[in-house]
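Below you will find the structure I want to go over with you.
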Amino acid sequence: FLALAAALLPGAAALRMSPDEEQLAQALDARPAGKAYRQQLGNIGDMQYFGDMDIGGQPLKAIFDTGSFELVVFSAFCPNCGVAGEYNEQSSATFQQGKITKTHAYGSGSCEAQDGYDTVQVGTVTAEKQAIWVANDCKIPLLSQASFNAIAGLGPPGQPAFTAESQVRQLEQLEARFKDSNEKVPEELLKAKEQAVTELEAAQSKHELLDTMGVQTVSTCLGRAPGSPGYLIWNDKTRAGRPGVQQVPVAGNITWGIAVQGLSMEFSPSDSVDVSTLT
């Protein structure tokens, strides 16, 4: 197996700015880590891995995405979600509807989703009143033949609030420029600011899946053999300090990005090729 080292999750307090949020984040950080759980992942063509997730008592398949930050589930009432649309919020005894609609963008397309809360379970780990986004209008062609019903973001906790606050700050700066120039502030700008403030308040009241499930580390293991399953280990050991374990600092403020220099790829039996020369 090709093992990927467990990543230590940063404290949410680093990205949440309000005193109330910092206090709650500190409480989350102070909790003991949950028990380790190894989840087997299904394999689609050695290109896509998915795992079981129960939302509101409904068994679903989820893509665990380290590049996104929130839990988006495709509604059974979504007219263009294809086979991915399996989640029926009306059938869930624990679903609570929110008040915010938001666009979620991915490399393959985008979705309009309504916020809400529901009970989420992954194996032995449960999160009650987990913040979710119920997608009801999507422009993602691959959903017509998807092997999953949800996208579970495993990015660093706190990103939605961090991004929303940045948007509010930028809009406030634009508003200040108009006022300093004794110009009328455009109505579109005021509406955009109002929407951004609403999204910020909503983001500050929500906590990501990793937070609510008490997950402090996560790792993956992908099988070498074609078609073999993968594994996602929740609350895995970091193995820090063990021989052969290399710790890599995270360079991104709100992503798992790392800084790499001198990276090359080897195409056997040819010589190695510097990645910087590839186009």
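Before we move on, is residue 46 in a strand (DSSP E or B), assigned by the TED database to the domain that holds residue 113 and at pLDDT 50 or above? Don't jump to the end; show me each part of the working.
Working: in a strand (DSSP E or B): no; assigned by the TED database to the domain that holds residue 113: yes; at pLDDT 50 or above: yes.
No; evaluated as a whole, the condition is false for this residue.
Of all residues being free of Cβ contacts under 8 Å to residues at least 60 places away in the same chain and not small (Gly, Ala, Ser) in segment 130-166, which is surrounded by the most Cβ atoms within 10 Å (Cβ to Cβ)? Just the residue, please.
Filtering segment 130-166 down to residues free of Cβ contacts under 8 Å to residues at least 60 places away in the same chain leaves 137, 139-142, 164, 166.
Among the residues that remain, those that are also not small (Gly, Ala, Ser) are: 137, 139-142.
Numbers: 137: 16, 139: 13, 140: 21, 141: 12, 142: 14.
Once the filter is applied, the top-ranked residue is 140.
Regarding segment 189-207, can at least one residue be identified that is part of a helix (DSSP H, G or I) and in contact with a strand residue (DSSP E or B) (Cβ under 6 Å, 6 or more places away or on another chain)?
Kept after step one, since they are part of a helix (DSSP H, G or I), are these residues of segment 189-207: 189-204.
Adding the requirement that they be in contact with a strand residue (DSSP E or B) (Cβ under 6 Å, 6 or more places away or on another chain) leaves 202.
Yes; the residues of segment 189-207 include at least one that is part of a helix (DSSP H, G or I) and in contact with a strand residue (DSSP E or B) (Cβ under 6 Å, 6 or more places away or on another chain).
Follow-up question, since we're still on this one. Residues of segment 208-229 being assigned to a helix (DSSP H, G or I) and closer than 19 Å to residue 50 by Cα, which ones? First the steps, then the outcome.
Restricting attention to segment 208-229, the residues satisfying the condition of being assigned to a helix (DSSP H, G or I) are 209-212.
209, 210, listed by residue number.
Further question: Filter segment 206-231 for residues that are in contact (Cβ under 8 Å) with a residue 40 or more places away in the chain and either acidic (Asp, Glu) or surrounded by fewer than 18 Cβ atoms within 10 Å (Cβ to Cβ) (or both) and give the result. Give the derivation first.
Looking only at segment 206-231, we keep the residues that are in contact (Cβ under 8 Å) with a residue 40 or more places away in the chain, and these are 206-224, 226-231.
208, 211, 214, 221, 222, 223, 224, 226, 227, 228, 229 - these are the residues of segment 206-231 that are in contact (Cβ under 8 Å) with a residue 40 or more places away in the chain and either acidic (Asp, Glu) or surrounded by fewer than 18 Cβ atoms within 10 Å (Cβ to Cβ) (or both).
If you take the residues in segment 93-118 that are among the aromatic types (Phe, Trp, Tyr) and within 24 Å of residue 57 (Cα to Cα), which one is surrounded by the most Cβ atoms within 10 Å (Cβ to Cβ)?
95
Could I ask something else about it? What tally of residues in segment 167-196 results from selecting those that are touching a residue at least 24 places away in the same chain (Cβ under 8 Å) and more than 21 Å from the chain's Cα centre (by Cα)? It would help to see each step written out before you state the result.
First, pick out the residues of segment 167-196 that are touching a residue at least 24 places away in the same chain (Cβ under 8 Å): 167-168, 171, 193, 196.
Okay, now just the ones that are also more than 21 Å from the chain's Cα centre (by Cα), so 168, 171, 193.
Adding up the residues that qualify gives 3.
The values are calculated or read from the model by the stated rules, or taken from the named source; none is laboratory data. Since the model is a prediction, treat every value here as computed from it, not as a measurement. Cβ sites come from the backbone with ideal geometry, for glycine too, and all protein chains shown count toward neighbours.
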